[in-house]
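Chemist: Got a structure for you, written out below as structure tokens; questions coming shortly.
The values are calculated or read from the model by the stated rules, or taken from the named source; none is laboratory data. What you are looking at is a predicted structure, and each value in this text was computed from that prediction instead of being measured. Cβ coordinates were reconstructed from backbone atoms using ideal geometry, including for glycine residues, and neighbour counts include every protein chain displayed. Heavy atoms of the whole protein, side chains included, go into the accessibility calculation; ligands, DNA and RNA do not. Shrake-Rupley method; radii C 1.70, N 1.55, O 1.52, S 1.80 Å.
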Amino acid sequence: MTEDAISLEVSEAEAGERLDRFLASRVADLSRHRLKQMIVDGEVAVDGTPVTQPAYRLRAGERVALALPAPAPAGPEAEAIALDILYEDEHLIVINKPAGLVVHPAPGSPDRTLVNALLHHCGPGIAEVGDPHRPGIVHRLDKDTSGILVAARTAETHAALAAQFKEHSVERAYKAVVWGEPIPPVGTVATQIGRHPVRRQKMAVLREGGKPAVTHYQVLRRFGGSPAVACLVQCRLETGRTHQIRVHMTHLGHPVVGDPVYGGKTRHARRTFPETKALLGAFPRQALHAFALGFVHPVTGKTLKFEVDLPSDMAELVNGLERLRPGGQARHGG
């Protein structure tokens, strides 16, 4: 990328003007906030000397110089990133996403995302499918949630798959390791979910407002006695709200192990034995995996269903929990 340098002379009429206001009136391509930040960062010079005070008063005849940053690319760029492909044809592609891979570019993750990988693997045609900043993406998984995701390769497929998700006809099932033991062991959580009223980066169960969210859960395995210190739980989504499983399990009082946003310091963590607490507390991400996905192929009409095993890190966590004696202490030896 290149930058274009510009030089502006202060007229008699502009004498006494603040530097930031002068630039805002002369440089239409950048916001006043961006120009002010460039001044503070020392990227603006007056008569060859950097000036870092936005309120600097200009004099007639002074020359103000700065370099305009090159425009950002119109959309994400293709990058050669390995993909675990479960299925693909000319209409769609199904991926087993590893934990740590962001689905689409966003602030803080401008590249090395699934979208960048799809652009490389599928070719430039997918860039025209759906949102240009997240081409091909129909639904998403959080960065640290692993599992199955489908992406569209044509506009028609994108629209048809999006309609299935909107109608809640897509089968979506997850496995999670949670603190404690949900009671009853099989149940349904039905709430309204929306933005947390104070912490806007979080989602929350709301008494009023938000959108309906329904999760069906089932305890598959219990670890460390009765009541269990942790459980492997299966969750099936009837709706697909942001962070739905993580919010709902926390709402039940059984947060997903390793969840940095909704986990908190639970009563379950406080009452477990040191060895168990170390095992669960050391898990580096939310222990959540999208293991099953089913939908109707928009073109062939065939029902497609995919299932994948737990990734190695979650499998190792479960194996470690299986070795717990009743009470939550680890068994050692053969």
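Chemist: Go through (1) within 18 Å of the chain's Cα centre (by Cα); (2) touching a residue at least 40 places away in the same chain (Cβ under 8 Å) for Asp259 and report which single condition fails.
Modeler: (2)
Chemist: Any residue in region 248-257 that is aliphatic (A, V, I, L, M), at pLDDT below 95 and either farther than 18 Å from Phe223 by Cβ or part of a strand (DSSP E or B) (or both)?
Modeler: No - not one qualifying residue is present in region 248-257.
To keep it simple, each residue is scored yes or no on (1) modelled with pLDDT under 90; (2) touching a Lys or Arg at 6+ places or on another chain (Cβ under 7 Å); (3) under 30 Å from Gly130 (Cβ atoms); (4) part of a helix (DSSP H, G or I).
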residue: Gln37; (1), (2), (3), (4): yes, no, no, yes
residue: Gln53; (1), (2), (3), (4): no, no, no, no
residue: Pro73; (1), (2), (3), (4): yes, no, yes, no
residue: Glu79; (1), (2), (3), (4): no, yes, yes, no
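Chemist: May I pose another question? Please indicate, with yes or no, whether at least one residue in region 245-255 is polar (S, T, N, Q) and touching a residue at least 24 places away in the same chain (Cβ under 8 Å). Break it down into steps so the answer makes sense when it comes.
Modeler: Our first condition is that a residue be polar (S, T, N, Q); within region 245-255, this holds for 250.
In the following step, the residues that additionally are touching a residue at least 24 places away in the same chain (Cβ under 8 Å) were identified as none.
No, that holds for no residue.
Chemist: Return the pairs, sorted by first residue and then second, in which the second residue is open to solvent by less than 30 Å² (accessible area, probe 1.4 Å) and modelled with pLDDT under 95, the first residue lies in region 300-317 and is among the aliphatic types (A, V, I, L, M) and part of a helix (DSSP H, G or I), the beta carbons are less than 6 Å apart, and the residues are 6+ apart or on different chains.
Modeler: Leu317/Phe283
Rundown of residues vs (1) open to solvent by 30 Å² or more (accessible area, probe 1.4 Å); (2) charged (D, E, K, R), yes/no style:
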{"site": "Ser11", "(1), (2)": "yes, no"}
{"site": "Leu19", "(1), (2)": "no, no"}
{"site": "Val27", "(1), (2)": "no, no"}
{"site": "Leu30", "(1), (2)": "yes, no"}
{"site": "Arg34", "(1), (2)": "yes, yes"}
{"site": "Glu43", "(1), (2)": "yes, yes"}
{"site": "Tyr56", "(1), (2)": "yes, no"}
{"site": "Tyr87", "(1), (2)": "yes, no"}
{"site": "Glu90", "(1), (2)": "yes, yes"}
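Chemist: Could you grab me the full set of residues in region 208-231 that are modelled with pLDDT of 95 or more and surrounded by 23 or more Cβ atoms within 10 Å (Cβ to Cβ)?
Modeler: Ala213, Thr215, Tyr217, Cys231 - these are the residues of region 208-231 that are modelled with pLDDT of 95 or more and surrounded by 23 or more Cβ atoms within 10 Å (Cβ to Cβ).
Chemist: Also: Within region 107-124, restricting attention to residues that are open to solvent by 50 Å² or more (accessible area, probe 1.4 Å) and in contact (Cβ under 8 Å) with a residue 24 or more places away in the chain, which residue is farthest from Glu77 (Cα to Cα)? Give the steps one after another, and end with the answer.
Modeler: Of region 107-124, the ones open to solvent by 50 Å² or more (accessible area, probe 1.4 Å) are 107-108, 110-112, 120-121, 124.
Now restrict to residues that are in contact (Cβ under 8 Å) with a residue 24 or more places away in the chain: 111-112, 120-121, 124.
On the way: Asp111: 8, Arg112: 9, His120: 8, His121: 12, Pro124: 9 Å.
Only one residue fits best here, namely His121.
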